[in-house]
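The values are calculated or read from the model by the stated rules, or taken from the named source; none is laboratory data. Remember, it's a predicted structure, so these values are computed and weren't measured experimentally. Heads up, the Cβs are rebuilt from the backbone with ideal geometry, glycines too, and the neighbour counts pull from every protein chain shown.
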Amino acid sequence: MNAPRTTGWLMILALAALLAAAPSLTRAGPGPDAPGLQAPEHAGIGRAVELLVYPGIPVDQVRLTWLGRTFQVPVETDGEKPVARILLGTDVLYEKPGDFGVRVAVPETGVRLEHKIRFGSREFPVQRLTLPPEMATPPPEMIPRIKRERRAVGAALRTWSSERLWSLPLTQPVRGRVSTIYGVRRFINGLPRNPHRGMDLAAPGGTPIKACAPGRVILVADHYYAGRCVYLDHGLGVVSMYFHLKEPGVREGQVVDAGEIVGLVGSSGRVTGPHLHFGISVLGRLVDPAPLFNNPGSG
Ligand SMILES: [Zn+2]
């Protein structure tokens, strides 16, 4: 009398186990997966998006073309299926809202993939500052220094190292209120300046600043505008920057982990009070860092 009931339950359990196992059986099935890519179709101008490329078979790298430049992006094979993972972004200084195409080629298989991302317009606040004329315009004898520093920064932002050290979300460099967001349109003494291409985090002078991701220190300097500054290379064209430090806590060539202290908040450079200016460059484009954190400002 008991036997049929037990058998019935066993059958139901077996069926449930089969159903539960079915999706993973499909994923783990033999044969290559179809190549494909995954990225958002819409983002705001100045934002970064993550692109995943699935070459279908374990190849070393894929070739990616973005904003007229081509990069060899390594394929990671330690996960469920081979994938190349990269950040792409636009910069409010250089790009206007519109459609941007990304092309990917898998040289070993001849596969070509394309994707279009619409970077839509955003309303950015306007900030008007009045400064003493000597602070608003650098003295003529500073111009060669400023040009030299711009070249050093340009070289840092063009860094390409082929190991991905970053992952999302990034680690918040300091706890603190976001005092100036990315994209703010600035007028100093009535004259338009470059938009604000980073985020300012309010924090008392001396607050330790954490590396936003594992990386390598590629530039430590004392620049006219940025003051004492640190640049970290996180791989695949992602560079983070920390400005107006009281003092840097790292040296060039040093390797740091996410959360490791890279310096202290200060007010060096052209600023009116202590804060951290934090910037992120993605393939040479300064993007809005805020969406790359879980909850910007809260730490
Ligand atoms: Zn700033």
Inset, instruction - Consider Val126 carefully, then state whether it is over 25 Å from Gln38 (Cα atoms), among the hydrophobic types (A, V, I, L, M, F, W, C) and in contact (Cβ under 8 Å) with a residue 40 or more places away in the chain. - result: yes
Inset, instruction - Looking at (1) under 30 Å from Leu67 (Cα atoms); (2) within 14 Å of the ligand (Cβ to nearest atom); (3) β-branched (Val, Ile, Thr), find the lone condition where Ile218 falls short. - result: (2)
Legend entry - Count - residues of the range 153-172 that are surrounded by 13 or more Cβ atoms within 10 Å (Cβ to Cβ) and more than 30 Å from Thr77 (Cα to Cα): 1
Inset, instruction - Report yes if Ala290 is touching a Lys or Arg at 6+ places or on another chain (Cβ under 8 Å) and either farther than 26 Å from Thr90 by Cα or touching a residue at least 12 places away in the same chain (Cβ under 8 Å) (or both), otherwise no. - result: no
Inset, instruction - Identify the residue in the range 264-293 that is in a strand (DSSP E or B) and more than 20 Å from the chain's Cα centre (by Cα) and, among all such residues, is nearest to the ligand (Cβ to nearest atom). - result: His275
Inset, instruction - Determine whether Val250 is crowded, with 16+ Cβ neighbours inside 10 Å, more than 16 Å from the ligand (Cβ to nearest atom), part of a loop (DSSP other than H, G, I, E, B) and more than 16 Å from the chain's Cα centre (by Cα). - result: yes
Legend entry - Flag for Ser240 being surrounded by 17 or more Cβ atoms within 10 Å (Cβ to Cβ), more than 25 Å from Arg285 (Cβ to Cβ) and small (Gly, Ala, Ser): no
Inset, instruction - Give the residue, chosen from Thr137, Thr130, Thr159, that is away from the ligand (no atom under 13 Å from the Cβ), hydroxyl-bearing (Ser, Thr, Tyr) and closer than 17 Å to Ser240 by Cβ. - result: Thr159
Inset, instruction - Could you tell me whether the range 205-215 includes any residue that is among the hydrophobic types (A, V, I, L, M, F, W, C) and more than 16 Å from the ligand (Cβ to nearest atom)? - result: yes
Inset, instruction - Six or more apart or on different chains, Cβ under 8 Å: which pairs go from a residue in the range 199-211 that's in a loop (DSSP other than H, G, I, E, B) to one that's acidic (Asp, Glu) and surrounded by fewer than 21 Cβ atoms within 10 Å (Cβ to Cβ)? Could you list them? - result: Ala211/Asp257; Ala211/Glu260
Inset, instruction - Check whether at least one residue in the range 226-235 is of a type outside the set (Lys, Arg) and either touching a helix residue (DSSP H, G or I) at 6+ places or on another chain (Cβ under 7 Å) or at pLDDT below 95 (or both), and report yes or no. - result: yes
Inset, instruction - Being within 16 Å of Thr137 (Cα to Cα) and surrounded by 15 or more Cβ atoms within 10 Å (Cβ to Cβ) is the filter; apply it to the range 179-203 and report the residue that is farthest from the ligand (Cβ to nearest atom). - result: Ile188
Inset, instruction - Identify all residues within the range 103-137 that are small (Gly, Ala, Ser) and part of a loop (DSSP other than H, G, I, E, B); write none if there are none. - result: Gly110, Ser121
